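I have placed the structure first, in the form of structure tokens, so that the comments after it can refer back to it.
The values are calculated or read from the model by the stated rules, or taken from the named source; none is laboratory data. Since this is a predicted model, take the numbers as computed values, not measurements. Cβ: placed from backbone, ideal geometry, glycine included. Neighbour counts: every protein chain shown. Side chains included, ligands, DNA and RNA excluded: accessible areas come from the protein's heavy atoms. Shrake-Rupley method; radii C 1.70, N 1.55, O 1.52, S 1.80 Å.
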Amino acid sequence: MPLDKNNDKIIILDFGSQTTQLIARRIREQKVYSEIHPYTLPLEDLKAIQPSGIILSGGPASVYDEDAPISDSGVFELGVPVLGICYGAQLMMQQLGGRVEKADKREFGKASLMVDYTAGLFAGMEPAPTPHQVWMSHGDRIEKAAPGFTATAGSEHSPFAALRHEEKPFVAVQFHPEVAHTLIGTDVLRNFIFGICGCEASWTMHSFIESTVAEIKEAVGDDQVICALSGGVDSTVVAAMVHRAIGSQLTCIYVNNGLMRINESDTVLRFFREKTDLKVIDVNAESYFLDRLDGIDDPEEKRKRIGYGFIEIFEQEANTLGEVKYLAQGTLYPDVIESVVFRGKAPIKSHHNVGGLPERMQLKLIEPLRELFKDEVRELGLELGLPEEAIYRQPFPGPGLGIRIMGAVTKERLEILRQADVIVLEEMKSSGWYRKVWQSFAVLLPIQTVGVMGDGRTYEHVVAIRSVDSRDAMTADWSQLPYDILGRISTRIINEVRGVNRVVYDISSKPPSTIEWE
């Protein structure tokens with residue numbers, strides 16, 4: 001759904017930084033809407049958005065490289081405040097007449113910033129000689145400021161660690177204000193969005209509900225809508241939002257794709273029938289999906305086959321209901337970001353509700369959460385009056401256990417994973433850790449190892465345990481679970497799940513890994 005035009009908005013042009021999404025998060029925390037677009041966004045499209053401010057993100061390239069990512073220099077002619085961060089600062093200088101060169105001494109990690117100009121980005125901050133801790137990550141540096149710019153702060157190896165234009169609302173910082181290691185980062189961003197851009201703190205879930213409900217009503221009119229309902233927080237909140245907008249015109253469809261957890265389908269259906277007013281149709285499609293996945297090992301192909309399968313079923317059910325024109329689904333902002341191709345490279349993965357949709361799909365999409373991160377969706381769900389048991393469930397992927405089985409998906413391997421998975425959830429809940437982590441689950445690996453059980457040799461499956469801490473799934477750290485919890489999980493899986501003789505714990509963060517294994 002399009003953003004309410006009455007809200008201020010900060011647009012971030014992404015040049016490939018791993019922390020770009022953090023910029024958007026930090027701005028939204030100030031109740032100002034922000035969204036990310038690739039640096040290739042056409043100038044006319046950017047102008048049509050009517051941004052209150054523009055941020056040029058960091059990135060891994062050098063601005064003087066032959067194939068360096070470069071946005072349209074017309075960005076500086078829109079009459080809109082612009083903030084350049086790291087690579088974005090260097091690009092601003094180069095495009096406006098400055099000079100950037102490879103640094104003799106690079107800066108990576110913590111650095112001390114000396115502020116010379118206590119207005120603009122540094123309003124309210126102590127000037128030099130008081131140092132401010134910031135986070136640097138660059139091998140190039142600005143050697144000459146563009147005409148009209150003056151330095152406002154410096155560091156040991158960056159004389160132009162921050163700059164401002166003396167007449168235009170252009171500012172730049174060599175450090176990263178979005179990361180927690182930059183202790184003045186929130187103040188810098190606040191000074192930009194409120195002091196320089198003149199934004200108002202109007203981005204709230206209450207205002208989002210009002211504008212989105214109105215947009216859904218206007219778009220749908222008297223037509224019928226079906227909603228893809230999985231029981232997870234995303235689809236539950238979508239269903240509640242669309243139902244608030246159009247009431248009985250909404251029919252929810254729950255598809256048991258045969259890739260669910262133990263008793264998952266019964267639990268989900270019972271919740272919606274007993275605790276909501278939603279009209280829900282359930283479809284048992286276990287054989288349909290397992291046939292589609294037969295012999296498929298490639299994770300991207302799995303995701304696409306599952307996504308296409310969902311759409312086919314939704315279209316079939318829509319035909320039985322009569323004249324249905326719309327499909328509502330729980331696409332989130334991280335889904336959109338991870339499915340976007342950057343600089344000609346492949347997307348991180350095709351999400352079943354973004355990159356996995358067939359072009360021939362007949363239904364029009366309604367995606368009211370497309371602009372939100374997961375924690376914002378939870379806040380929205382509470383604002384809509386949904387119970388906590390629905391809001392604080394750990395995320396469960398749309399493709400289900402199909403992407404937690406490495407290699408071929410079979411009934412036998414699904415049964416092994418289901419039994420292991422329920423043990424993980426039971427132990428996390430009984431220990432009080434279920435709500436402390438973002439996500440915790442089991443993964444079945446495509447290997448077997450030698451073990452000893454009852455004085456006999458075994459050659460059986462390996463289960464990996466994954467538990468991560470995150471705020472929005474864009475970045476994640478592995479959870480440092482107590483050893484006794486891991487020990488109980490391992491012992492129970494090996495003792496209770498036939499076919500498993502080894503359990504391992506995944507201690508990889510995102511990036512470089514992803515949360516799910518496929």
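Structure notes:
- Protein-only accessible surface at a 1.4 angstrom probe places the residues Arg305, Arg492, Arg270 in the order Arg270, Arg305, Arg492, largest first.
- Per the Kirkwood formula applied to alpha carbons, the range 411-518 shows a radius of gyration over Rh ratio, Rg over Rh, of 0.98.
- Taking other residues whose beta carbon is less than 14 angstrom from the beta carbon of Val63, and scoring Lys, Arg as +1 and Asp, Glu as -1, yields -2.
- For the range 1-127, the percent of C-alpha pairs falling in each 10 Å distance bin, counted from 0 to the bin holding the largest distance, reads 11, 39, 37, 12, 1.
- Where a label projected 7 Å from the Cα of Gln362 along Cα→Cβ would reach, residues of the range 288-323 with amide N under 15 Å: 311-323
- Accessible surface of Glu516, taken over heavy atoms with a 1.4 Å probe and every protein chain present, rounds to 10 Å².
- For the residue pairs Lys302/Lys436; Lys374/Lys510; Lys304/Lys374; Lys9/Lys325; Lys105/Lys144; Lys31/Lys374, the alpha carbons lie more than 26 Å apart in Lys302/Lys436; Lys9/Lys325.
- If R0 is 22 Å, the Cβ-Cβ spacing of Lys217 and Leu321 corresponds to a FRET efficiency of close to 0.65.
- A Cα-only calculation for the chain places Rg and Dmax at 25.2, 81 Å.
- Membrane-span-like helices in the chain, defined here as complete DSSP H runs extending at least 27 Å along the helix axis by their C-alpha atoms with mean Kyte-Doolittle hydropathy no lower than -1.0, are 299-321, 411-430; this is a sequence and geometry rule, not a statement about a membrane.
- Order of exposure, largest accessible area first, which applies to Tyr288, Tyr483, Tyr254 with probe 1.4 Å: Tyr483, Tyr288, Tyr254
- Relative contact order of the range 84-150: 44 percent, from C-alpha pairs under 8 Å at least 6 residues apart in sequence.
- Projected label points at Tyr392 and Asp116, each 7 Å from Cα along the beta carbon direction, are separated by 5.1 nanometres.
- Spatially, the range 206-241 and the range 273-323 are offset by 20 Å when compared through their Cα centroids.
- When only Cα pairs below 8 angstrom with a gap of at least 6 residues are kept, the chain shows a relative contact order of 10 percent.
- Diffusion coefficient, µm² s⁻¹, Stokes-Einstein with Kirkwood Rh over alpha-carbon pairs of the range 137-192 at 25 °C and 0.890 mPa s: 205 µm²/s
- Sorting Arg303, Arg26, Arg471 by solvent-accessible area of protein heavy atoms yields Arg471, Arg26, Arg303, largest first, with a 1.4 Å probe.
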